[in-house]
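One structure below.
The values are calculated or read from the model by the stated rules, or taken from the named source; none is laboratory data. These numbers were taken from a predicted model, which means no experiment stands behind them. Positions of Cβ are backbone-derived with ideal geometry, glycine not excepted, and every protein chain shown enters the neighbour counts.
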Amino acid sequence: MRQIADGIIYVGVNDHELDLFEGQYIVPNGMAYNSYVIVDEKIAVMDGVDGNFGDEWIANVQEALDGRTPDYLIVQHMEPDHSASITVFMDKYPEAVIVGSVGAFNMMQNYFGTKFEGRNMVVKEGATLSLGSKELTFIAAPNVHWPEVIFTYDAADKVLFSADAFGKFGALDVEEDWDCEARRYYFGIVGKFGAPVQKVLAKAAKLDIKTICPLHGPILTENLEHYIGQYQTWSAYEVETPGVVIAYSSVYGHTKAAVELLAQKLEEKGCPRVVVTDLARDDQAEAVEDAFRHGHLVLATTTYCGGVFPAMDQFIHHLLDHAFQNRKVAFMENGSWMPAATKGMRALMDKCANITYAQNNVTVKGSLNDDSRAQIDALAEEFATLD
Ligand code: FEO
């Protein structure tokens, strides 16, 4: 059992069995479902875990409590990766009261057929719950990630329980960089909700925070300004790292050759950072993360059925789903007899807010020739300076 602060103990679990988190994200290093107990005169348990780990979680809670029983289960978020084990807990501890927002109890009705009437406590923004020496304050955090979400602040220990915010992919028994998998997680899971994240960051800025306890990923105890700064950048849709991302799909290798030439020319012309991703073969969640991280994006694909090749079509829809905005975009199309991919990509990208289009796009007809090489040179000249 890991002690987080005086009286706060980690009781979460690691999942190395999961194939796809939320049904779509690969998690090569697994996933952690974090839960915490706060021991005082009264005892609160913070959130549950995925349904496959209910027994392990209850065993962790029992070990942490050493014979005592919990008084409260605080449900900050009802997505099943945290809530699916709630009924196990409530059956195990019939005296416990469940605490959540009104939205959380509506979701409990939908998932479990009950709002645990007679054993529930509905809390709103600013509500408090005294455990004895520690008093918990609840902070509404709607749409970070679902509408019912609350954060919880323990002023005595200066601990913020932040629900999905500041979480990452990866189990806690694997060492890995926070930024990379937290960024992929953020833009995949929360990216659409920049404005709600900004609102809750403004509330958090008024708190004295020493420790952040998210529902996924490591407990954050040092250098908090880095993590909060990253969330500020990401939720404001600002450029984190200047550079050009070239996201492409290629059928017979000709578009790939054009992309490689563009990448080479960008580097020759002094572009400090060029990232190339094959949308048909690489992880598209990583490609989405790269697109949001950098300021310039080149979309390169073949014409397919008079429109956009499926891998590119899917990628642009991922960008739209996650509110991609504030970036500079160029197009490269390939078409053996009637190139039409740029028109299709542009129609989709027009749905994004605040996109600036490059002056120079590229059309390849089959394979590279002098004309398309010149177009690539012009686009490289335009994007290499990252203006
Ligand atoms: Fe970790 Fe939105 O659930």
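Descriptive notes on the structure:
- Within region 109-145, restricting attention to residues that are of a type outside the set (A, V, I, L, M, F, W, C) and touching a residue at least 40 places away in the same chain (Cβ under 8 Å), the residue that is nearest to residue 51 (Cα to Cα) is 145.
- Residue match in region 2-20 (condition: in a strand (DSSP E or B), within 22 Å of the chain's Cα centre (by Cα), within 16 Å of the ligand (Cβ to nearest atom) and of a type in the set (S, T, N, Q)): yes
- Residue-level check: of (1) surrounded by fewer than 18 Cβ atoms within 10 Å (Cβ to Cβ); (2) more than 18 Å from residue 252 (Cα to Cα), residue 379 misses just (1).
- Number of the condition not met by residue 89 [criteria: (1) assigned to a helix (DSSP H, G or I); (2) of a type outside the set (S, T, N, Q); (3) within 16 Å of the ligand (Cβ to nearest atom)]: (3)
- A search for C-beta distances below 8 Å between a residue of region 54-80 that is surrounded by fewer than 13 Cβ atoms within 10 Å (Cβ to Cβ) and any residue that is at pLDDT below 95, counting only pairs 6+ apart in sequence or on different chains, returns 63/1.
- Residue 152 meets each of the listed conditions (1) of a type in the set (S, T, N, Q); (2) within 16 Å of the ligand (Cβ to nearest atom); (3) surrounded by fewer than 22 Cβ atoms within 10 Å (Cβ to Cβ) apart from (3).
- With respect to (1) part of a loop (DSSP other than H, G, I, E, B); (2) modelled with pLDDT of 95 or more, the lone exception for residue 202 is condition (1).
- Verdict on residue 161 being within 16 Å of the ligand (Cβ to nearest atom) and either farther than 27 Å from residue 35 by Cβ or in contact with a Pro (Cβ under 9 Å, 6 or more places away or on another chain) (or both): yes
- Yes/no for residue 23 being over 22 Å from residue 211 (Cα atoms), within 16 Å of the ligand (Cβ to nearest atom) and either assigned to a helix (DSSP H, G or I) or out of contact with any Cys (no Cβ under 9 Å at 6 or more places or on another chain) (or both): yes
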